[in-house]
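*Asks:* Can you read through this structure? Questions will come right after.
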Amino acid sequence: MFFLTASNRLKFTFNVSSGSRKALGNITGISTVSRNCTTCNSKKFAIFSDSLSSLLAINNRHLETGYVQKLITDYSQLSNSGKIIILIWIPSHIGIRGNDLADEAAKSALNLSMSALKCSATDLYTDVANHCQRLWQAEWDGCVLNKLHSVKPLLGYSNLSSLSRQDAVVLRRLRIGHTRLTHSYLLNRQDQPECSHCACALTVAHVLLECNHYNVVRQRYFNVSSLHELFDMVNAQNILGFIRDIGLYRLL
Ligand SMILES: [Zn+2]
């Protein structure tokens, strides 16, 4: 990051932890540079930044970010003392005169010790959530023998909000492979039911993928070879349409 005055070109560098959000680092940089304007004799300054998100946060006065609040306070004080600071977005460093100075300053900052930055807890939400997701996925990757692993090897939220409550319930039962049709025998202390068409064990996978009796109907709705492919690639309405068409919707 660098800033210019009417008569001087000055540079300022600092290094922030890689764990800090990039926008936070940029806002802090702009804030620190603007404070340095206080000690300069010049009246007019232009601060250039390639971080559009940081400049928008400042322009939109996202005061929930403590650093934006501090920057605006400093900016007001500088304005009251007769100094003019203009923030300018540069989409990239290409073709901007003097950017060799900025790039050089940025590279040299890597050798500096880390500057401690305070940040609000909300700034860390995304990083914490991503970290937990990675830990969860790593644990799930080791559970290949779990029958649900083949249905959803890549963890993540499944959005069923467009479905009715009943459709969502049916689809979730199909995804976990537990339905009244295929599993009520456990509660009733009966033998596992068989498919009435081919005498195979009646399972969700058998109905959705394997039973030849449903081949013709199945072809009208989807053509897949695994449950993962089915639930990952096929529209939920097609799966529900198939289940309705073969007359099992109310039995699940
Ligand atoms: Zn069958």
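*Asks:* Just to be sure I understand, how many residues within the range 62-84 are within 22 Å of residue 124 (Cβ to Cβ) and more than 24 Å from the chain's Cα centre (by Cα)? Show your work before the answer.
*Replies:* Taking the range 62-84 and keeping what is within 22 Å of residue 124 (Cβ to Cβ), we get 62-71.
Remaining after also requiring more than 24 Å from the chain's Cα centre (by Cα): 69-71.
Matching residues across the range 62-84 total 3.
*Asks:* Inspect the range 116-127 for any residue being of a type in the set (Lys, Arg), within 22 Å of residue 208 (Cβ to Cβ) and not assigned by TED's automatic domain parsing to the domain that holds residue 242 and give the result as yes or no. Even if it seems obvious, please write down each step before you answer.
*Replies:* Keep residues of the range 116-127 that are of a type in the set (Lys, Arg), which gives 118.
Among the residues that remain, those that are also within 22 Å of residue 208 (Cβ to Cβ) are: none.
No, that holds for no residue.
*Asks:* Look at the range 233-251 and say how many of its residues are within 16 Å of the ligand (Cβ to nearest atom) and within 36 Å of the chain's Cα centre (by Cα).
*Replies:* Going through the range 233-251, the residues within 16 Å of the ligand (Cβ to nearest atom) turn out to be 242-243, 245-248, 251.
When the remaining residues are screened for being within 36 Å of the chain's Cα centre (by Cα), the result is 242-243.
Qualifying residue count for the region: 2.
*Asks:* Oh, and also: Can you tell me how many residues in the range 209-232 are surrounded by 12 or more Cβ atoms within 10 Å (Cβ to Cβ) and within 11 Å of the ligand (Cβ to nearest atom)?
*Replies:* Residues in the range 209-232 being surrounded by 12 or more Cβ atoms within 10 Å (Cβ to Cβ) and within 11 Å of the ligand (Cβ to nearest atom): 5 in total.
*Asks:* Ok, one more. Answer yes if at least one residue in the range 7-27 is in contact with a strand residue (DSSP E or B) (Cβ under 8 Å, 6 or more places away or on another chain), modelled with pLDDT of 55 or more, in a loop (DSSP other than H, G, I, E, B) and surrounded by fewer than 17 Cβ atoms within 10 Å (Cβ to Cβ), and no otherwise.
*Replies:* No: the range 7-27 contains no residue that is in contact with a strand residue (DSSP E or B) (Cβ under 8 Å, 6 or more places away or on another chain), modelled with pLDDT of 55 or more, in a loop (DSSP other than H, G, I, E, B) and surrounded by fewer than 17 Cβ atoms within 10 Å (Cβ to Cβ).
*Asks:* Something else now. If only one of 127, 123, 167 is closer than 19 Å to residue 237 by Cβ, surrounded by 12 or more Cβ atoms within 10 Å (Cβ to Cβ) and of a type outside the set (A, V, I, L, M, F, W, C), which one is it? First the steps, then the outcome.
*Replies:* Working: 127 fails: closer than 19 Å to residue 237 by Cβ; 123 fails: closer than 19 Å to residue 237 by Cβ.
Only one candidate passes the filter, namely 167.
*Asks:* Still on this structure: Has the range 135-157 got any residue that is touching a Lys or Arg at 6+ places or on another chain (Cβ under 6 Å) and either closer than 30 Å to residue 66 by Cβ or at pLDDT below 75 (or both)?
*Replies:* Within the range 135-157 (the criterion being touching a Lys or Arg at 6+ places or on another chain (Cβ under 6 Å) and either closer than 30 Å to residue 66 by Cβ or at pLDDT below 75 (or both)), the answer is no, since none of the residues qualifies.
*Asks:* If a residue must be free of Cβ contacts under 8 Å to residues at least 24 places away in the same chain and within 18 Å of residue 171 (Cβ to Cβ), how many such residues does the range 202-231 contain? Full working, then the answer.
*Replies:* Pass one, the range 202-231, residues free of Cβ contacts under 8 Å to residues at least 24 places away in the same chain: 202, 206, 209-213, 215-216, 219, 222-225, 229-230.
In the following step, the residues that additionally are within 18 Å of residue 171 (Cβ to Cβ) were identified as 206, 209, 222, 224, 229-230.
The total comes to 6.
*Asks:* With the requirement that a residue be surrounded by 12 or more Cβ atoms within 10 Å (Cβ to Cβ), within 15 Å of the ligand (Cβ to nearest atom) and polar (S, T, N, Q), what does the range 180-201 give you?
*Replies:* Listed by number, the list holds a single entry, 182.
*Asks:* Going by what's in this entry, would residue 196 be described as hydroxyl-bearing (Ser, Thr, Tyr), in a loop (DSSP other than H, G, I, E, B) and over 35 Å from the mean Cα position of the chain (by Cα)?
*Replies:* On the way: hydroxyl-bearing (Ser, Thr, Tyr): yes; in a loop (DSSP other than H, G, I, E, B): yes; over 35 Å from the mean Cα position of the chain (by Cα): yes.
Taking the combined requirement at face value, the residue satisfies it.
*Asks:* Any residue at all in the range 213-231 that's part of a helix (DSSP H, G or I) and of a type in the set (Gly, Ala, Ser)? I'd like the intermediate steps shown before the answer.
*Replies:* As a first pass, look at the range 213-231 and keep what is part of a helix (DSSP H, G or I): 213-221, 227-231.
Remaining after also requiring of a type in the set (Gly, Ala, Ser): none.
No; the residues of the range 213-231 include none that is part of a helix (DSSP H, G or I) and of a type in the set (Gly, Ala, Ser).
*Asks:* Follow-up. Mind checking which residues of the range 72-84 are touching a Lys or Arg at 6+ places or on another chain (Cβ under 8 Å) and not basic (Lys, Arg)? Show your work before the answer.
*Replies:* Residues of the range 72-84 that are touching a Lys or Arg at 6+ places or on another chain (Cβ under 8 Å), as a first pass: 72, 74, 82-84.
Result: 72, 74, 82, 84.
*Asks:* Moving to a separate point now. Consider only pairs whose beta carbons are under 6 Å apart and that are at least six residues apart or on different chains; among these, list those whose first residue lies in the range 134-147 and is closer than 16 Å to residue 176 by Cβ and whose second residue is modelled with pLDDT under 95 and not aromatic (Phe, Trp, Tyr).
*Replies:* These pairs meet every condition: 140/155; 143/149.
The values are calculated or read from the model by the stated rules, or taken from the named source; none is laboratory data. Quick caveat, the model's predicted, so the values are computed rather than measured. Positions of Cβ are generated from backbone atoms using ideal geometry, with glycine treated the same way; all protein chains shown enter the neighbour counts.
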